[in-house]
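All remarks here apply to the structure that follows.
Nothing in this text is a laboratory measurement; each read-out follows from the coordinates by a stated rule. These figures come from a predicted structure and were not determined experimentally. Cβ atoms come from the backbone with ideal geometry, glycine included; neighbour counts cover every protein chain shown.
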Amino acid sequence: MNEKEILRKSILNALKTMTDDELEQRAEPLYERFMKQPIIQDAKTVALTISMAHELPTRPLIEKLWSLSKTIVVPRVTCSKARLMDFYILSSFENLVTSSFGVLEPDPTTAKQIDKALIDVAVVPGVAFNNKGYRIGYGGGYYDTFLEEYPSIATISLLYDFQLQQKVHEEPHDQRVDHLIIEGDKG
């Protein structure tokens, strides 16, 4: 295992030890700071993933954004070999299906696909981040591919304090996250 894989495994293990209550309780101050961000207040369309059990919960965030009449779009992998995702409008959590990766995605038979250029802000998932906004994801490269194609989309990530790791080294293909909301920061 290389350094990147070791770090990914270590942070994922730390996330998996957290209870659902702990994940939600520690995320609440991050949600509050997220909602106050000018890029979020000004956005019309926000892209998010549906969190998995061991991740910072995104459902409460989606509900908060819906309450502000934001259009929420979620990704669906369309070509794993080329690392491509399309985005679909999420109007209800009932319109989700489980992908072959075990991730909740929009049902393409009921959800409306949108032009990715209409996305104002992407909430970028990740396992570990450095303070410059570079990240280690799950290793698929989907967000790096997407963000390289759409560099004008603002990016933001929410992370628990232990996910901030200076051992995250950027590689030529990595796409930087513009704004980090880190547990414990006051900004």
Taking H placed 1.01 Å from N in the peptide plane, check which residues at least 5 places from Leu164 or on another chain put their amide H under 5 Å from its amide H. Phe129
Which order do the peptides 153-162, 36-45, 84-93 come out in when sorted by mean C-beta neighbours inside 10 angstrom, highest first? 153-162, 84-93, 36-45
Selection from Phe101, Val127, Phe87 lying farthest towards where the dipole of the stretch 43-187 points positive, charges on Cβ: Phe87
My understanding is that a pair violates if its Cα-Cα distance is over 19 Å; which of Lys44/Lys116; Lys16/Lys70; Lys36/Lys132; Lys132/Lys167; Lys9/Lys64 do that in this structure? Lys16/Lys70; Lys36/Lys132; Lys9/Lys64
With +1 at each Lys and Arg Cβ and -1 at each Asp and Glu Cβ, the charge dipole magnitude of the chain around its Cα centre, to the nearest 20 debye, comes out at 180
Calculated Rg and Dmax of the stretch 1-103 using C-alpha coordinates, Å: 15.5, 45
Simple spin-label model, 7 Å along Cα-to-Cβ: Arg26 to Ser10 in nm? 1.6
Calculated from backbone phi, Karplus (6.51, -1.76, 1.60) coupling profile of the stretch 81-98 in Hz, x at Gly/Pro: 5, 8, 6, 10, 10, 10, 10, 10, 5, 9, 10, 7, 6, 6, 8, 10, 10, 8
Can you list the HN-Hα couplings for the stretch 145-155, worked out from phi with the Karplus curve (6.51, -1.76, 1.60; θ = phi - 60°), rounded to whole Hz and with x for Gly and Pro? 5, 4, 6, 5, 6, 10, x, 7, 6, 5, 10
Leu104's amide H: which non-local residues (gap 5+, or another chain) put their own amide H closer than 5 Å, with H modeled 1.01 Å from N in plane and none for Pro or chain starts? Ser99
Grab every C-alpha pair in the chain, bin the distances at 10 angstrom width from 0 up to the longest one, and report whole percents. 9, 38, 41, 12, 0
